[in-house]
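Participant: Take this structure, written in structure tokens, and hold onto it; I'll ask about it next.
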Amino acid sequence: MTAELVRGQNHPLSQSRLEIRISAGTPVAAAAALSDENGRIHGTEWVAHPGAPVQPGLEVSRQAAADHRLAVDLDAMTEAVHRVSVLLALPAPDGGAGPARFGAVAAPFVAVTGLDGTEVASYTITGLDLESAVVALELYRRQGAWKVRAVGQGYAGGLAELFADQGLAEAAQLASGIDEAVARGLARSVQAPPPRTSEGDRSRQAAAPAVGPDQGAAPQGAPVPVPPSYGGQPSGGQGGPQPAYGGATDPHAASGGPVNYSHPGRQTSAPPPPPSTAPPAQPGQPARPVAGDATGWSMEERLYNQVWGMFEDLARTTAAYRSAVDFAESRMDKELEQALSDPRSRIGGQGDAAREAARARCSQLVDQARASLDRDVAQLVAEAEVVEPALPPAFARWDNPCWHAYRVPMEIPMALRLGDLRLPEAEPIRIPMLLRLPLERGLWIDSGRTDSLDGSFTDSHDMRRLAMDTAVAHAARLLAVYPAGEFTVHVVDPAGSGARALAPLTQTGVLAGPPAQGAAGVTEVLARLTQRVDLVQMALRGGAPDALPPGFDTSQQLLIVNDFPHGFDDRAVNQLRYLVDEGPSVGVHLMMVADREESAGYGPLLDPLWRALLRLTPVPDDHLADPWVGHAWTYEPPAVPHGSEVLRQVLTKVAEARRTGSR
């Protein structure tokens, strides 16, 4: 029976190999610190954290995530270790994003389990407010036995204050190193889907409506209204329009509160459940999958939520399989160790029999776990087979027949597809990687030299070519899913090396102008876009988003940069960083096609730029992580079928709609 602990309460531990499971509801960094009988940490090597996730007897997650599984082997601890403290910390806010204190998020839940998943003790950390780091619980040695104690000690000064309180001399340096490691991990993370309102509900949370000017003062805690967005964004089909430019807030707004772009008439009630279209399943058989069986205001929203539900289901069933395999292997190791520790079993057939029995039990457990995983994957494959053909163009692959009947849309979709995601244990299933619109962060197509996952070598020239092809495919999809005239693409190609890949964009006439070349072209484009960001920000801060120059282009802007840093001086680099930091909130977005190593001469100056961008690759690479358990997902870029003219045909229709003003 699980012991539900309260602060200060302890409970004995009967197992030495344990798993500590953490559920926080928001991405947190997890660490574990070893200390002596006086509670002092002797050095940074006594702390397992995302930058150094493995220590003797400890393994923690390598990035911030909403869910964590920490592995602990108490038998592997040295005699000097008397305490293992489990630490949680909110990632350092980057540009004001993310919660800065635990009082603003749901109470974290921590459970100590055996390797078979059986809970030994659990603790919900309540009563936190301004704290950004907390000692959740501790495993401690007392008279040769181990116990667990619920601690819940928080620190408003974050990890630096926590480590200093533990007597660590290098507290500030270690805390800074952990923040840096977490920032690198978050830069690789897949954007989390919207939270579910209840178990099994995949609906998107509706935003609270803004109070109109004729409705009196807003209630306490409600967002302060401002004039509507200057963008003139049409209403969407999801119960109201998407928030303009990502729903960003401006701390300098004249109203004194966050800017709210939600429509005053937007519905705030729960979306209706999807209609039942599948016949009842036979007894003992799984239900037949149906496209759009998640909740939502429209079929597009239901499909979006269904795809994210599939992503979450695959993440969790794979995590369960990996945990079961770890348990089986650790149990076999322990049984073999016990068999070898008895001198009588080292000779003769008795020892061989014990070893064979241990291996057989391990194989049986692994086979059972694999059968369960295969059953879940088969169900997801069946679901994908009905969902994929039903996806709208913004969500569909380039080989989907829906592109042959493409028409320029009247409304901005919820999201667009950036490629596919898969896990090595579940090769048959590919999950669409959907990114919400408008874009909240820029994209980085990594053209660095790498080895592909299939073992074939890809040289630097091929990588640059593939990276530009991938960038053009992403840009073409963005142009295709926006209404005519509401998305503008600029290109900076200083050396002209991307001319062949850019041909579909240049020859169809969908670009704002010819690709800028040379240092002068780079300077002109960056100056124009930074001026645009300044103008929009001044209008928003002055409370007059409509007071912009006559003829001002209100469409979303995308800048594609190729061959960085060629053609960039120090001023241009600073302008690029400015666009990355400030641009998305006012509709200016960046797509970098670059090899990070080529800009190594700038040193750490550009580290914030790379972290702010979502890294994608032109070849399959296992570098993206989910927000639940931190799996390393293999990202597969979007591929236009070989010899297909679908991309040019779509761009031709986009260009024609722009010229004629028709849709």
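Participant: Computed FRET efficiency, Cβ-Cβ of residue 581 and residue 410, R0 30 Å: what is it to the nearest 0.05?
Facilitator: The computed FRET efficiency comes out at 0.40.
Participant: For a quick check of your reading of the filter: which GluC sites (Glu not before Pro) in the stretch 554-663 sit in a DSSP loop and have no more than 15 other Cβ atoms within 10 Å?
Facilitator: Passing sites in the stretch 554-663 are 645.
Participant: Under the rule of at least 5 residues apart or a separate chain, name every residue whose amide H is placed under 5 Å from the amide H of residue 559.
Facilitator: Hits under the 5 Å cutoff: 490, 589, 590, 591.
Participant: Please report how far the C-alpha centroid of the stretch 110-148 lies from that of the stretch 573-652, rounded to the nearest whole angstrom.
Facilitator: The stretch 110-148 and the stretch 573-652 have Cα centres separated by 39 Å.
Participant: What spacing in nm lies between the two simple spin-label points modelled at residue 534 and residue 461, each 7 Å away from Cα in the Cβ direction?
Facilitator: Modelled inter-label distance: 4.3 nm.
Participant: Roughly how many Å is it from the Cα centre of the stretch 413-431 to that of the stretch 477-508, as a whole number?
Facilitator: 25
Participant: Using a 1.4 Å probe on the protein heavy atoms only, what accessible surface does residue 299 show? Give it in Å² to the nearest 10.
Facilitator: Surface open to solvent at residue 299 totals about 90 Å².
Participant: What are the trypsin sites (Lys or Arg not before Pro) within the stretch 368-451 that DSSP puts in a loop, where the Cβ has at most 12 other Cβ atoms within 10 Å?
Facilitator: The qualifying sites are 407.
Participant: Can you give me the relative contact order of the stretch 1-152 as a percent, contacts being Cα pairs under 8 Å and 6 or more apart? All intermediate terms of the calculation are to be shown ahead of the outcome.
Facilitator: Details: 374 pairs, mean separation 48.8, N = 152.
Reported as a whole number, the value is 32 percent.
Participant: Separate question: Can you tell me the relative contact order of the stretch 473-617? Whole percent, Cα pairs under 8 Å, sequence separation 6 or more.
Facilitator: 27
The values are calculated or read from the model by the stated rules, or taken from the named source; none is laboratory data. Small disclaimer: the values here were computed from a predicted structure and weren't measured. For neighbour counting, all protein chains shown are included, and Cβ atoms are generated from backbone atoms with ideal geometry for every residue, glycine included. The accessibility values were calculated without ligands, DNA or RNA, using every heavy atom of the protein model including side chains. Shrake-Rupley method; radii C 1.70, N 1.55, O 1.52, S 1.80 Å.
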